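A quick write-up on the structure given underneath.
The values are calculated or read from the model by the stated rules, or taken from the named source; none is laboratory data. It should be emphasised that the depicted structure is a prediction, and the values quoted were computed from it without experimental measurement. Here Cβ is always computed from backbone atoms with ideal geometry, including for glycine, and neighbour counts include all displayed protein chains. These accessible areas exclude ligands, DNA and RNA; they are computed on the full protein's heavy atoms, side chains included. Shrake-Rupley method; radii C 1.70, N 1.55, O 1.52, S 1.80 Å.
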Amino acid sequence: MVDRVGVFEAVNQAISWALRLRVLAAFSASSASVGRGPGAESLTGTGVGKMIHSLFLINCSGDIFLEKHWKSVVSQSVCDYFFEAQEKAADVENVPPVISTPHHYLISIYRDKLFFVSVIQTEVPPLFVIEFLHRVADTFQDYFGECSEAAIKDNVVIVYELLEEMLDNGFPLATESNILKELIKPPTILRSVVNSITGSSNVGDTLPTGQLSNIPWRRAGVKYTNNEAYFDVVEEIDAIIDKSGSTVFAEIQGVIDACIKLSGMPDLSLSFMNPRLLDDVSFHPCIRFKRWESERVLSFIPPDGNFRLISYRVSSQNLVAIPVYVKHSISFKENSSCGRFDITIGPKQNMGKTIEGITVTVHMPKVVLNMNLTTTQGSYTFDPVTKVLTWDVGKITPQKLPSLKGLVNLQSGAPKPEENPSLNIQFKIQQLAISGLKVNRLDMYGEKYKPFKGVKYVTKAGKFQVRT
């Protein structure tokens, strides 16, 4: 005999989930435009037609280790177009983000040695899909501590639950971290043990409180014993330096990441010493854009936990200080099986900060067999298969500049390489924003306690290339 009670419970649960999805979508749409500037719209409630049909997660070896379909199932063979584009690209980061196929569009991102490949059946704004895919990767990072193949496989049930909540029938639904954590509880060892014994899941029983307010990014009733607000100003320098040492191209890509652990409903104002140097600023939805337009002050009610407050660009080359210089001499003789390699790196700007974590990567020509080099600092490796030379320098001390020099062995009878390789440089400078951006003060309103506040500055190399 059929268990009628069980049937009724299943039907009621299905109805409650359907109602939950409709309510979430309705409130997301109604709250999407509260206190936001252009370009800061939430991913929910936009009028984009059928967006993502399927999602494939691919590792660096080309294995599809996870797939999710919101419509009908799309065959994995659609990824063959992506693999073809990947083979043609010289580097994983050079794979075209949008690939057109006879029946679909493939839009992808590369994050943490993984490809997130989405399948689209109709034309949609590509940046919209790319931003959503980054939001998925950020959510995995937030939930599991890392966005890696191992972490995703270990938490595959939660991954599918998150994807089901973040996208409903191809439309973005719940993408804010605070809302998702009320819907899907983050994994813990104790919760995993309890779930395995009781057969329960991480899905919450109640509707998220934040989704029902005009501040969907913050949950209600937040309480902390220690109230803290930390901001990380991280800037990356993208630059191309020519043979003579002149700057061909230079710009700074910056972000301000926040870690906010404040009780109640605080209202924060963050001001800068020199905000006018920022171009092309993109805001978190919590930012009040009109206040920024009129006063250049960031006024916001923050989400709880970690989030990206703003991202910005400094494109004026006279404002971009190049912190390192490279002296280089790379030569290959005609009708000879050897060549010379000599590079020296040093600090260019005397900013009172130590340049550390320096790594020089060189993609040598295919005719190079091996390299016999000596270095005054750090260590080097040369891979004879990929022809990649990596020099791990470490810190720079102005008193003794590090250098790497020696012989390059070429294939006998091979023609001389047509052009010299470029040097790709990575470095890091602590407690410095290379653009000169400085936080002036942080004020809090709406709560009576005094939080602990801190700001950290970091400058890193983005795509920093020296041509030889």
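Structure notes:
- Selection within the range 298-313 - under 12 Å from Asp267 (Cβ atoms) and in a strand (DSSP E or B): Leu298, Ser299, Phe300
- Which listed residue, of Thr381, Thr459, Thr374, is surrounded by 15 or more Cβ atoms within 10 Å (Cβ to Cβ) and closer than 30 Å to Ala90 by Cα: Thr459
- Across the range 43-69, the number of residues qualifying as modelled with pLDDT under 50 and touching a Ser or Thr at 6+ places or on another chain (Cβ under 7 Å) comes to 4.
- Options Val368, Val324, Val360; residue that is among the aliphatic types (A, V, I, L, M), surrounded by 15 or more Cβ atoms within 10 Å (Cβ to Cβ) and over 28 Å from the mean Cα position of the chain (by Cα): Val368
- Unmet requirement for Thr247, which otherwise passes all of (1) surrounded by 14 or more Cβ atoms within 10 Å (Cβ to Cβ); (2) at pLDDT 85 or above: (1)
- Scanning the range 398-427 for residues that are closer than 20 Å to Arg467 by Cβ and either touching a Cys at 6+ places or on another chain (Cβ under 7 Å) or not in a loop (DSSP other than H, G, I, E, B) (or both) returns Ser403, Leu404, Lys405, Val408, Leu423, Asn424, Ile425, Gln426, Phe427.
- Among the residues making up the range 384-396, those that are free of Cβ contacts under 8 Å to residues at least 40 places away in the same chain and open to solvent by 60 Å² or more (accessible area, probe 1.4 Å) are Pro384, Val385, Thr386, Asp392.
- Those residues of the range 52-65 which are surrounded by fewer than 18 Cβ atoms within 10 Å (Cβ to Cβ), assigned to a strand (DSSP E or B) and either touching a residue at least 60 places away in the same chain (Cβ under 8 Å) or not aliphatic (A, V, I, L, M) (or both), in sequence order: Asn59, Phe65
- Every residue from the range 94-141 that is part of a helix (DSSP H, G or I), open to solvent by less than 60 Å² (accessible area, probe 1.4 Å) and under 17 Å from Glu164 (Cα atoms): Val129, Phe132, Leu133, His134, Arg135, Val136, Ala137, Thr139, Phe140
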